Amino acid sequence: MTIRYVESSKLPTPWGMFAMHGFEDTESGKEHLVLTMGDMDTGEPLLARIHSECLTGDALFSLRCDCGAQLQHAMHRIAIEGRGAIFYLRQEGRGIGLLNKIRAYHLQDCGADTVEANEQLGFGADMRDYSILKSMLEHLGVKSVRLMTNNPRKVKAVEELGIEVVERLPHETGRNPHNVKYLSTKKGKLGHLFEDDQGSPEDE
Ligand SMILES: Nc1nc2c(ncn2[C@@H]2O[C@H](COP(=O)(O)OP(=O)(O)OP(=O)(O)O)[C@@H](O)[C@H]2O)c(=O)[nH]1
Ligand SMILES: [Zn+2]
């Protein structure tokens, strides 16, 4: 996999001014982004969110998941601290793509959970590959992070890239009546960590 830095620009948002950095995977043609705020070169661990693309949640206000709320919350937390980065990876549907995610949602409408739906379609439960991050982290000079996530696999993946995760910051937001089962499956089958009782299997 070859990830090439392309260009940067300003991105004004309701939470303040971010810098937007574009990268291209020259093999797949996929385009990835990093939004940064503040000075990347202080040597302090970087407040960071690794966000997997979710068109339905991030852009279309879907309540089937918690992605949109998590993205906004990350931008808000970075703005409060004045320094941080969101790595926006184009791994729609945990790596299966948008149309397959719609197929998976259809199976979920018929009773499957998110993991069963992926498996019925012939995919693994989580097909994401975090090696995309390596060049992006190197480009920004990131050596250590405070990672906003509930997913221990992300922590492990970042550590395997040689980046120190000095802290995992729970990133729990966006619970609603439509995503209770989704959160419950994340906790029960995918190992996500939730500090409060959200996502407990007993909720189903
Ligand atoms: N295949 C599939 N993907 C989904 C489904 N719901 C959300 N996604 C995708 O899941 C990805 C987000 O992953 P999550 O497992 O929700 O959370 P995470 O990023 O691993 O963990 P956090 O850092 O705690 O948010 C996005 O790419 C979504 O498009 C679903 O039902 N099926
Ligand atoms: Zn989502």
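None of the figures in this text is laboratory data; all of them are computed from the coordinates on show. It should be emphasised that the depicted structure is a prediction, and the values quoted were computed from it without experimental measurement. With ideal geometry, Cβ positions are generated from the backbone for all residues, glycine too; neighbour counts draw on all protein chains shown.
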(Q) So if each residue of separation counts as 0.36 nm, and I subtract the Cα-Cα distance between Ser28 and Met127, what length gain in nm does that give? (A) 34.1 nm
Q: Please state, rounded to one decimal and in Å, the Kirkwood hydrodynamic radius that the stretch 1-152 gives when every pair of distinct Cα atoms enters the mean of 1/r.
A: 16.4
Q | Greater than 23 Å apart at Cα, pairs in Lys156/Lys186; Lys101/Lys187; Lys30/Lys187; Lys134/Lys156 | A | Lys30/Lys187
Q. For the stretch 67-204, what are the per-bin percents of Cα-Cα distances with bins 5 Å wide, up to the bin holding the maximum?
A. 2, 9, 16, 21, 22, 15, 9, 5, 1, 0
Q) Got a sec? How would Thr56, Thr114 order by Cβ neighbour count within 10 Å, fewest to most? A) Thr56, Thr114
Q. How high is the FRET efficiency between Arg153 and Thr13 when r is their beta carbon distance and R₀ equals 41 Å, given to the nearest 0.05?
A. 0.90
Q | Geometric extent, Cα atoms of the stretch 34-84 - Rg, Dmax (angstrom) | A | 12.5, 38
(Q) Suppose R0 equals 22 Å. What FRET efficiency, 1/(1 + (r/R0)^6) with r the Cβ-Cβ distance, do His76 and Glu195 give to the nearest 0.05? (A) 0.75
